[in-house]
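Encoded as structure tokens, the structure appears first; notes follow it.
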Amino acid sequence: MTVKLSRAIVFLSLFMALGALAAEPAETGYQMPPQVLADIIDAPQTPWVALSPNNEWMMFIERPGLPSIEEVAQPELRLAGLRINPRTNGRSRQTSGNGLRFQSMDGDEERQVTGIPEGARLTGFTWSEDGKRVAFVVTMEDRISLWTAELKSAKATQVTPDDMRLNGVYGRPYSWLDTGKEFVVRAVPENRGDAPVEPLVPSGPVIQENMGKKAPARTYQDLLKNSFDESLYEYYATSQAIRLDLKGNAKKLGQPALLRRISPAPDGKYILTETVQRPYTYSLPENKFPRLIEIIDRDGDPVYEVADLPLQDQIPISFGSVATGRRSVGWRADAKAELVWAEALDGGDGGIEAEERDRVFTLKAPFKGEPVELMTLAQRYGGVIWGNDDLAFVSSWWWKTRNVKGWLVHPGDRDIKPELVEDRSWQDRYNDPGSPVMHPGPYGTPVILTADGGKTIFHSGDGASPEGDRPFLDRVDLETGETERLFRSEAPFYERFVDMVDAKKLRLVTRRESQTEPPNYYLRDLQKETLEQLTTFPDPAPQLAGLSKELITYQRADGVDLTGTLYLPPGYDKERDGPLPVLMWAYPTEFKSKKDAGQVTDSPYRFTRVGWYSPMLYLTLGYAVFDDPTMPIIGEGDVEPNDTFIEQLVMSAQAAVDVVVARGVGDRDRMAIGGHSYGAFMAANLLAHSDIFRLGLPRSGAYNRSLTPFGFQAEERTIWEAPEIYFAMSPFMHADKINEPILIVHGEADNNSGTYPMQSERLYGALKGLGATARLVMLPHESHGYRARESIMHLLWETSTWLDRYCKNAEPRILEEKEISGS
């Protein structure tokens, strides 16, 4: 009798335990967060700003609030790495404006643009070369069309005829063809017919085959899966190139094709086209499909075949590896019609030793002669910034050393030896000389701004320093190489260069802010030493007025310098209120140098702008926030950073907690850690390998590295080359050590490489099976970043609820030290 009763109790206990594991949360539907958070999210958005080519006018693009879940849930096709709205024949996820106005630079005149259709979503804004009008794309429920707004009349008019629908699958579907009278567009082909219908009965199995060739691939989403997907991709991505004038007169250019790119030469007489071709693959996105790159004239007739590129499925996975053949094909910005491209000299393999990596070529219209070498590089080609025949900068880079080089070249005289003008680690922000200031060139395309008869150029940059970022503007003498600092942001402001209005008079537009003043645009005259405010954007979140912000520096146990920004709630008094619960939000970064890893980032004088993703929202609920405490993962020389990922991560987190506690503002027993994407991966690892935090808030992360076997983030090695690293770095493999509450959030439609929604589902499944305190929130229709108002509000409700329950109001705990894997 006793045995039977004991057995019954065991089975009853097991049944109750399984029932508890299977129990679902009582809440249903979207929830709303505390009102203060909702008010911040619903506040009017600050407009986007763009200056006219002559810098006499400012264009303000008005922005709507967050889209509804109804809008986000519109039909979506996921094909070959693209996300397509079949109703509009455009991209399904775009950030758009909903209004437009012009303001003169002197502020005396403002013009609200009229004639824009109600409910239109506006994207793709570009000024005409002459600055007389702005072109933009209007997306309605069932079509995409091209419109312009004339500066003088401030009236918007439709350019495309009513019977023409533009094809926005490959982004902005138009380009200016000349100074402001014609365009070249990608349109939905006439009489295309109905979309393919998926057959109810398959014609056979889906088969993929590899015949002994190495074809490694990173982890991609939204790939083609079968022949029906192929037909849908071709149906929606095929477009007709058309030349179109302002009155809507149209001329077809060639036949309909899978046009990825259509790019006019600066003088508008030739057009570069890039067309996708078969065969496709089910293991890579469309940018790896075969492509034909060629030049056509204004009538659509073929002029020159640039490259016929095969399927790019055999590119080595070593960082710095590229496709063979002509790549990075484009136009020289300062010439009428001159092509530029690069070709690999090392077989495209970044994993082998080679003295020469890339060679850069150019070829002038009419494209009859042989290509002319511009430069041969020992590193990988990074691009060209064009100025004129005597001035251009070629950049090169190499991943393993984090090195970047810049070369001054003379395109008009190739016999002049390139001059090395920059040679540093791109992670060395303190020695970043900035980038050349650009302006519209002779054909309207951006080129390097020069002064003093071409002897002088200007550089602007972030101005990273031990004091924080202090943006600057320099004048550079090209003959002597000497640099003169014209402007540098001064405390208590953060002010950065935006554009040069007059190079002779040194009049420039800047964007200026402080801890208490939101960003606004100013006209700064360096000769007269005057400053004139151009905009008066209000504080979008007055609920945070009076917060305390401090950029602090500290060290971790191995002596590496770290930085982070500490925020305290408005009205907080340390003596009166005592230590607060703390939310930390971070993202780990790999470095090859301790010196670079220890550099100060950000500025102590920037205004605190908040979005749905910002941890500073929770200042309003009584939390201290330590934002972006640096989490460097360092591997100097031949040592790979990830060899000691866990040890370094825990060390950095411990140092962050210690510095906040030492200041008397943070409660060591009430610390929460969160992050997005790789930051989510970090948060889960910190819960698994330490007891530093009471709560984890990972969003849209990857937790099982066996699902990304050909590398991830900055890890080049495959799982077969470094299985112990993949295991040690996977929180999923150490789920049994996660004994703190964890709120896992993921978008159901995440398309970021490696962060499958399954990653969060599997981690939650493991934690659930192990009896952990865990909650999984899958946001319908959301991708890697979240968009719908309902999704955002619910996310904030989930976060604030768990923070209050498991951090702010947490009971004291008894800790058992966790062993760090690999130590």
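Quick look at the values:
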{"item": "Accessible surface of the stretch 691-766, 1.4 Å probe, proportion on carbon and sulfur as whole %", "result": "53"}
{"item": "List 591, 102, ordered by accessible area with a 1.4 Å probe, largest first", "result": "591, 102"}
{"item": "Solvent-accessible area, 1.4 Å probe, carbon plus sulfur percent, for the stretch 413-523", "result": "45"}
{"item": "Residue 389-residue 531 FRET efficiency (beta carbon distance; Förster radius 41 Å; 0.05 resolution)", "result": "0.65"}
{"item": "Residues of type aspartates and glutamates that residue 336 reaches as a straight line, Cα spacing below 15 Å, ignoring anything fewer than 8 places off in the same chain", "result": "129, 178, 267, 297, 389"}
{"item": "Distance between modelled label sites at residue 226 and residue 573, nm, 7 Å Cα→Cβ extension", "result": "7.0"}
{"item": "Relative contact order (%) - the stretch 576-642, alpha-carbon pairs under 8 angstrom, separation at least six", "result": "52"}
{"item": "Farthest toward positive dipole pole in the chain [+1 Lys/Arg, -1 Asp/Glu at C-beta], among 786, 534, 295", "result": "786"}
{"item": "Rounded to the nearest 20 debye, dipole of the chain from Cβ charges on Lys, Arg, Asp, Glu", "result": "1360"}
{"item": "Solvent-accessible ranking of 438, 211, 729, largest area first, probe 1.4 Å", "result": "211, 438, 729"}
{"item": "Under 17 Å from the residue 486 label point (7 Å along Cα→beta-carbon), backbone N, the stretch 440-460", "result": "440-441, 447-460"}
{"item": "Percent carbon-and-sulfur accessible area, the stretch 590-642, ignoring ligands, DNA and RNA, probe 1.4 Å", "result": "48"}
{"item": "Using a Förster distance of 22 Å, the FRET efficiency for residue 356-residue 422 (Cβ separation, nearest 0.05)", "result": "0.65"}
{"item": "Zone of residue 761's modelled label, taken as backbone nitrogen in the stretch 701-736 under 20 Å from a point 7 Å along Cα→Cβ", "result": "701-709, 731-733, 735"}
{"item": "Net length gained if the chain between residue 251 and residue 73 were fully extended (0.36 nm per residue, minus Cα distance)", "result": "60.4 nm"}
{"item": "Relative contact order (percent, whole number), the stretch 338-444, Cα cutoff 8 Å, 6+ residue spacing", "result": "15"}
{"item": "Residues of the stretch 627-648 with amide N under 12 Å of the 7 Å Cα→Cβ point at residue 558", "result": "632-637, 639-648"}
{"item": "Additional length obtainable on full extension of the chain from residue 663 to residue 378, 0.36 nm per residue less Cα span", "result": "97.7 nm"}
{"item": "Residue order for 420, 244 - accessible surface, 1.4 angstrom probe, largest first", "result": "420, 244"}
{"item": "Relative contact order (%) - criterion: Cα under 8 Å, at least six apart; region: the chain", "result": "8"}
{"item": "Proximal lysines relative to residue 132, as straight alpha-carbon distance under 17 Å, when same-chain residues fewer than 8 apart are discounted", "result": "152, 155, 181, 247"}
{"item": "Per-residue SASA entry for residue 592, accessible area with 1.4 Å probe, Å² rounded to 10", "result": "40"}
{"item": "For the chain, calculated [θ]222 nm from helices alone, where every DSSP H run of n ≥ 4 adds -39500 (n - 2.57)", "result": "-4500 deg cm²/dmol"}
{"item": "Efficiency of FRET from Cβ geometry, residue 317 and residue 56, R₀ 45 Å, rounded to 0.05", "result": "0.35"}
{"item": "Set of lysines with alpha-carbon distance to residue 400 below 22 Å, sequence-local pairs under 8 removed", "result": "592, 594, 595"}
{"item": "The chain - accessible surface per residue (Å², probe 1.4 Å)", "result": "45"}
{"item": "Two-site label geometry, residue 208 and residue 39: point separation in nm, points 7 Å out along Cα→Cβ", "result": "5.2"}
{"item": "Distance in nm between pseudo-label sites at residue 415 and residue 141 (7 Å out along the Cβ direction from Cα)", "result": "6.9"}
{"item": "Among 700-713, 801-814, the order from most to least packed when residues are scored by Cβ within 10 Å on average", "result": "700-713, 801-814"}
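The values are calculated or read from the model by the stated rules, or taken from the named source; none is laboratory data. None of the values given here were measured: they were computed from a predicted structure. Here the Cβ is made from the backbone with ideal geometry for all residues, glycine too, and neighbour counts use every protein chain on show. Calculation scope for accessible area: heavy atoms of the full protein, side chains included, ligands and nucleic acids excluded. Shrake-Rupley method; radii C 1.70, N 1.55, O 1.52, S 1.80 Å.
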